[in-house]
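*Asks:* If you scroll down you'll find the structure; I have some questions about it.
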Amino acid sequence: MAQDTGALDDLLREDRRFPPPGSFVASAVVRDPGVYERAAADPEAYWAEWASKLDWFEPWHTVLEWNPPYAKWFLGGKLNVSHNCLDRHVEAGRGARTALIWEGEPGDTKTYTYAELHAEVCAFANVLRGLGVERGDRVTIYLPMIPEAAVAMLACTRIGAVHSVVFGGFSPDSLADRNNDASSKVLITADGGWRRGGIVPLKANADESLKTSPTVEHVVVVRRGGTLSEQTPADMREGRDHWYHELMADASSDCAAEWMDAEDNLFILYTSGTTGKPKGVVHTTGGYLTQVCATTRAVFDLHDDDVYWCTADVGWITGHSYIVYGPLANCAQIVMYEGAPDTPDRGRFWQICEKYGVTIFYTAPTAIRAFMRWGDEWPAKSDLSSLRLLGTVGEPINPEAWMWYHQVIGHERCPIVDTWWQTETGAIMITPLPGLTETKPGTATLPFPGIQATILTNDGKEARAGLLAITTPWPSMLRTVWGDDRRFRETYWSKWKDIYFPGDGAKMDDDGYLWILGRVDDVLNVAGHRIGTMEVESALVDHQAVVEAAVVGKKHDIKGEAIAAFVTTREGVEPTDALNAELRDHVGRKIGAIAKPEVIVFTAELPKTRSGKIMRRLLRDIAEGRAVGDTTTLADPAVVRRLQQMHEAEEG
Ligand code: PRX
C-alpha cells in the first residue's frame, strides 16, 4: 500500500470540516440532500433521469441488463456522442456560444463557438470517411493539447469509429504497441507540440512507431504552426501522410451523425496494470455519456456563466471525460492549455485563470504540491476572484496540500471537490457534491448518488479499513479489456463475487466518508500518472547490460510517488554512472519520459524468498529509508544490509 501507517494515522486524525458556503448552497445544481436516498432506492430510475437529458435518436427499452461482470446500459437506445456534444446545442440556438478557448504555450490563442466546432468536427469526420474509416474501425490519436485533439475525438464518435488516444509523452515503442493492439487504421498526429519551451517531436515519433505498425494505412498530420513548424519540418511520406489543413480545405462540413447503439464501443484507452502490457480499457456510448454528463454538471456545479478549466491532458481519462465529453455534453465554456505550468514562469496557470475569468478549476494533487513549493507569490500576482469551485483528481491529496489549495487558490471561498475515479470507471465515482457535502481535507467523501461503494477485506467481509469495492454496476463502467476479456474478468472481478475491485486501499471514518489510501497492487502513481512496475522492469531488462530488475514506488514530496529501480547487471558489466544514465534513457525510449526511474541502485542480488520471489515490500522499505520489516523468509538475510548501504550511497 502506498501510504505508511504514520501517514494513515495523521489522515484519520484530520478533523477540520468545511461545510458548503451559504452563497453556494442556495444556487447549487444539486441541493436536495434527499438525492442520495432517492438514487439508492432506485438507481436505474436515477440514471435514466440523467440519460433522458441527452438526445436519443431511438429510446432505450431496458435501463440495465446485468449479467456479472457484463453490464449493458440503455439497451435498444440509439444516440451519437458528437451530436449530443455539438448539434444538440446548435439546434437549441446556442451555436454562437463559446465552446473552447485554447491557449498555446507560446501564447497563441484560438476560440471556437459551438457552431464553429460543429463545422470543424463534421468536416474532419468527412475527411476520416474519405480515408476509408468505417464504423467500428480504430483510429489512434497522438496529438499535443491543441483543439484538433478534441476535434479528432469528436469526429471519430460522429462516424462511429473507435478512438484510442495516446498521450503525447509516450515513446514510439509505446505508440506502436497501442497501434498494433487496436489494429488502428489511421493515425492522427501533429508535426509537434510545445512543452516547457521545447518541441515534442510527435511526427518523428509517429514515423518511428510506424515502422512496426503495419495496420496503419493513413497518417493525418496537424501543422502546429509558427516557429515550431519551421524548426521541425515533418517528413511526409507520399500516399501515406496527409496534412490536416489540406484535407480540410476540400471537406464538406455537412456530415450526418451515425446512429450508434448505446452499447457500441466509443473508445479504447490504454492504462497500466500489473503486467508488462498495458490494458485497452473499453468504454461504450450511452452509459459513458450519461455518467460523464451527469457528474460534470453535479460535481462541478456547472452553471451557464461558468468558465471551466481542467488541466489534464486528453491522453488520460480525465481529459476524455472532463475536458471533452462531459463539459461539451453540458454546453460548457471550456479552457484548454497546451503547455507546462511553469512556462514562461511559475505563474502561468494563474495568469490563464485571470485572463479568461476561469470559475471552475480542476487539477491534480501533484500540481498543487508543485505550486506550494514554488511559493504563494505566484498566485498572488494574479486576480483569482473569478474562481468559485476547485477540484482535484488522480491520487490521494495530503491535507496540507488541500489546505493550501483552499486558502491560497480558493481564498477560503471555493468548495473543493476531491474526486476519486479511474480510467476503468470512466467517470467520477466518489466525490463531494459542492452544495451538500461537508468536506474534510484528504477524503473524497461519499459515493456519487447512484453509486454503491464500500470497504471489504480480502475475503469479502465489510470492514472499516481494507480494500475499496464497488458493489453495483454503474453506467460508465468499462465493458472489457480490448482483445483480452479474460484479463477483464481476472483483474477486476475475481477477488469477490460480482463486485468490482478497483485496486485501491481505503478506510471509512465515523461519518461514512471514504479515505482512499493508494494502490494495493504493483501499479505506481507517479505525478498522477499510472505506471506498472512490470512495464518498467521489462524496459530495464530489455537493455543488454541488465539481468534482473525490480521496481518499486518511493514516496516523493511533489510527485506523490517516484520510481526506484534495483538492477542486477550482467557478469563483467561495470555499474557506472554512465550506465545509470543510459538505463534511465532506455526506459524513456521504451515507454516515455514519465517512466524514467528517479533512482537506480545497482546490486549483485535482490532480496528473494527461498522460493525465488522478489520481496518488494523490503525494497520499498529500503527505497524509503525505513527500518525493514520481517526478513525471516529471505533466502539470504545479509542482502538487505548490503542493499541499504548501496541505496544510501546512491541517495548521497
Ligand atoms: O489509486 C487511485 C488514484 O488513481 C487511480 C486511477 O488512475 P487512472 O486510471 O490513471 O485515473 C486517474 C484519473 C481518474 C485510482 O485507482 N486516484 C484517482 N483519483 C483519486 C485517486 N486516489 C485518491 N483520491 C483521488 N481523488
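*Asks:* Would you mind calculating the relative contact order of region 533-618 from Cα pairs under 8 angstrom and at least 6 residues apart, reporting the percent as a whole number?
*Replies:* 29
*Asks:* Sum up the charges of everything whose Cβ sits under 10 Å from the Cβ of Gly104, counting Lys and Arg as +1 and Asp and Glu as -1, but leave Gly104 out.
*Replies:* With Lys, Arg at +1 and Asp, Glu at -1, the net is -2.
*Asks:* With the contact rule set at Cα under 8 Å and sequence spacing of 6 or more, what percent relative contact order holds for the chain?
*Replies:* Relative contact order, the chain: 14 percent.
*Asks:* For Gly532, list long-range residues whose amide hydrogen, built 1.01 Å from N in the peptide plane, is under 5 Å from its own amide hydrogen.
*Replies:* Gly273, Leu524
*Asks:* Counting DSSP beta bridges in the chain, what percent are antiparallel, to the nearest 5?
*Replies:* 60
*Asks:* Could you sort 64-74, 370-380, 616-626 so that the peptide with the highest average Cβ count within 10 Å comes first and the rest follow in order?
*Replies:* Answer by packing, highest mean first, reads 616-626, 64-74, 370-380.
*Asks:* Does region 558-643 come out rounded, prolate or oblate, given a ≥ b ≥ c as the square roots of the eigenvalues of its C-alpha gyration tensor, rounded meaning a/c under 1.5 and, failing that, prolate meaning a/b above b/c?
*Replies:* Because a/c hits 1.5 or more and a/b fails to exceed b/c, region 558-643 counts as oblate.
*Asks:* Fewest Cβ neighbours within 10 Å first, please rank Ser538, Ser272, Ser82, Ser27 accordingly. It would help to have the intermediate numbers written out before the result.
*Replies:* On the way: Ser538 18, Ser272 24, Ser82 27, Ser27 10.
The most exposed by this proxy come first: Ser27, Ser538, Ser272, Ser82.
*Asks:* I want the local charge near Ala565. Using Cβ-Cβ distances under 10 Å, sum +1 for each Lys or Arg and -1 for each Asp or Glu among the other residues.
*Replies:* 0
*Asks:* Any idea what the relative contact order of region 262-378 is, in percent, if you count C-alpha pairs under 8 Å spaced at least 6 apart?
*Replies:* Relative contact order of region 262-378: 22 percent.
*Asks:* Does region 426-489 come out rounded, prolate or oblate by the C-alpha gyration tensor, with a ≥ b ≥ c the root eigenvalues, rounded set by a/c under 1.5 and, if not, prolate when a/b is larger than b/c and oblate if not?
*Replies:* Oblate.
*Asks:* I've got another one for you. Which Cys residues of the chain have no other Cys beta carbon under 4.7 Å away?
*Replies:* Unpaired cysteines in the chain: Cys85, Cys156, Cys293, Cys310, Cys331, Cys353, Cys414.
*Asks:* How would you rank 280-291, 384-395, 193-204, 640-651, highest first, on the average number of other Cβ atoms within 10 Å across their residues? It would help to have the intermediate numbers written out before the result.
*Replies:* Details: 280-291: 26.6, 384-395: 21.5, 193-204: 18.7, 640-651: 14.9.
Result, highest mean Cβ count within 10 Å first: 280-291, 384-395, 193-204, 640-651.
*Asks:* For region 22-505, rounded, prolate or oblate, judged on the Cα gyration tensor with a ≥ b ≥ c (square roots of eigenvalues), a/c < 1.5 rounded, else prolate if a/b > b/c?
*Replies:* rounded
*Asks:* I've got another one for you. Ranked highest first by average number of other Cβ atoms within 10 Å, how do 454-462, 513-521 line up?
*Replies:* Details: 454-462: 13.7, 513-521: 20.2.
Answer by packing, highest mean first, reads 513-521, 454-462.
*Asks:* Report the net charge of residues surrounding Thr140, where surrounding means a beta-carbon distance below 13 angstrom and charges are Lys +1, Arg +1, Asp -1, Glu -1.
*Replies:* -1
*Asks:* Check Val601: other-chain or 5+ apart residues with amide H under 5 Å from its amide H, H built from backbone geometry?
*Replies:* For Val601, the qualifying residues are Ala565, Phe566, Val567.
*Asks:* Taking only DSSP H segments of four or more residues, each worth -39500 (n - 2.57), what value at 222 nm results for the chain once the sum is divided by all its residues, to the nearest 500 deg cm²/dmol?
*Replies:* That comes out to -8500 deg cm²/dmol.
*Asks:* With just the Cα atoms defining each centre, how far is region 472-550 from region 32-96? Give it in Å.
*Replies:* If you average the Cα positions of each part, the centres end up 28 Å apart.
A short reminder: the numbers here are calculations on the coordinates, not readings from a lab. Note that the structure is predicted; figures quoted are calculated from it, not measured. When we count neighbours, we look across all protein chains shown, and the Cβ atoms used for this are built from the backbone with ideal geometry, even at glycine.
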